[in-house]
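Since the structure comes first, as structure tokens, the remarks are kept for the end.
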Amino acid sequence: MTILEVTDIARHFRVSGGVVRAVDGVSFQLARGETLALVGESGCGKSTTARLALRLIEPSAGSLRFDGVDMTQAGTKAMRAMRRRAQIVFQDPYASLNPRHTIAETLEEPLLVHGIGDAASRRARVEELLSLVGLAPFHAARFPHEFSGGQRQRIGIARALSAGPDVVVCDEPVSALDVSIQAQVVNLLKDLQSRFGLAYLFIAHDLAVVRHMADRVAVMYLGRIVEQADKRSLFANPRHPYTRALLAAIPRPDPAGRGRLSPPPGDPPSPINPPPGCPFHPRCGFAVARCAVDVPPLREIAPGHVAACHLAEALPALPPSMDDRPS
Ligand code: SF4
Ligand code: MG
């Protein structure tokens, strides 16, 4: 059952050189209990898309439904309900925690904001939340600087869970952590998801973490989704050259680098003056003449698998090592 539905949402803003189309007509659905990953290079609009989806920022166009309610038309009461039921875990756990608040105060804050429980039940909830994320109760009286990066992110996750959400946006929740800690936090998120039936909108700049986390993946480029599919199809049979480039950039255990493709050369073009035709064409190794002229629409290539590439069906098969199955 769909809990969050985003249709043709856009966020444009004026700068001196023109109009930046930070998010330019993005649509997706998130079902209860599932993880949809939004993946793309920095600046592709994935964080902005997630904030639009929670209506933390106002869209320039498009619509948004949360649990069946049209949130673009919603009044204060519905907005408050959504604020409680849709939470966010930030990339930088240190910057997102108030350094002058104890952990108890931080975890209690959403309960106070939403008028949940009395003082005694809030204290009990703080202990419960700490235990849910694997921290001992005595940590409640401490301050953020007394914790490691991984512990701070556990606290950020506990805060997001405090008021009992249905949807959690995870905005690169492990990117700032040591590699050795990343797997622990990913496993914690997965465990909490299955316990509480949480739906995650999981943002990542590469496909490595997504492989362990996502049910479905949407790849973004210059403010648009260029490919979306269930994880298995996306990893085994990517139909957009940009997705292939992101896959090629995942470090592989194979020391010979067998079948490794090059990541896309150069940086993404400016979203102020995106290239005509396919926005990926200046970096695309498969581009043909029409790619510089015609914008490729997002088309269904196989059931549940969409891609925005003129050559989606014609791309060559992947080299063998690219075709490994996601775990
Ligand atoms: Fe490359 Fe052309 Fe496909 Fe764009 S439409 S991704 S330029 S092949
Ligand atoms: Mg971001």
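Tabulated results
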quantity: Restricting region 57-93 to residues that are out of contact with any strand residue (DSSP E or B) (no Cβ under 6 Å at 6 or more places or on another chain) and either at positive phi or among the basic types (K, R) (or both), the residue that is farthest from ligand 1 (Cβ to nearest atom); calculated: K77
quantity: Given (1) within 13 Å of Y221 (Cα to Cα); (2) more than 12 Å from the chain's Cα centre (by Cα), number of the condition F66 does not satisfy; calculated: (1)
quantity: Yes/no for G164 being small (G, A, S) and at positive phi; calculated: yes
quantity: Qualifying positions in region 67-83 - crowded, with 17+ Cβ neighbours inside 10 Å and under 17 Å from P110 (Cβ atoms); calculated: M82, R83
quantity: Per-region count, region 186-211, residues closer than 22 Å to H240 by Cβ and either crowded, with 22+ Cβ neighbours inside 10 Å or not hydrophobic (A, V, I, L, M, F, W, C) (or both); calculated: 10
quantity: Pair list, Cβ under 6 Å, 6 or more apart: region 217-239 residue in contact (Cβ under 8 Å) with a residue 12 or more places away in the chain, other residue of a type in the set (S, T, Y); calculated: V219/T243; Y221/Y242; V226/Y242; E227/T243
quantity: Selection within region 126-164 - of a type in the set (K, R) and over 22 Å from Y200 (Cα atoms); calculated: R142
quantity: Residue that is within 27 Å of D267 (Cβ to Cβ), free of Cβ contacts under 8 Å to residues at least 60 places away in the same chain and not in a helix (DSSP H, G or I), where the choices are R14, R55; calculated: R14
quantity: Pair list, Cβ < 9 Å and 6+ apart or interchain, from region 85-102 residues that are farther than 17 Å from A50 by Cα to residues that are among the polar types (S, T, N, Q) and crowded, with 19+ Cβ neighbours inside 10 Å; calculated: P93/Q151; P93/Q153; L97/T106; N98/T106
quantity: Test: A199 is touching a residue at least 24 places away in the same chain (Cβ under 8 Å) and within 20 Å of P251 (Cα to Cα); calculated: no
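Listed here are the residues, each with its yes/no results for (1) at pLDDT 95 or above; (2) out of contact with any Gly (no Cβ under 6 Å at 6 or more places or on another chain); (3) within 16 Å of ligand 2 (Cβ to nearest atom).
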| position | (1), (2), (3) |
| --- | --- |
| P173 | no, yes, yes |
| S180 | no, yes, no |
| K190 | yes, yes, no |
| R195 | yes, yes, no |
| H212 | no, yes, no |
| R216 | yes, yes, no |
| V226 | yes, yes, no |
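The values are calculated or read from the model by the stated rules, or taken from the named source; none is laboratory data. Predicted model only: the values in this text are computed from it and were never measured. Glycine gets a Cβ as well: all are built from the backbone with ideal geometry, and neighbour counts include every protein chain shown.
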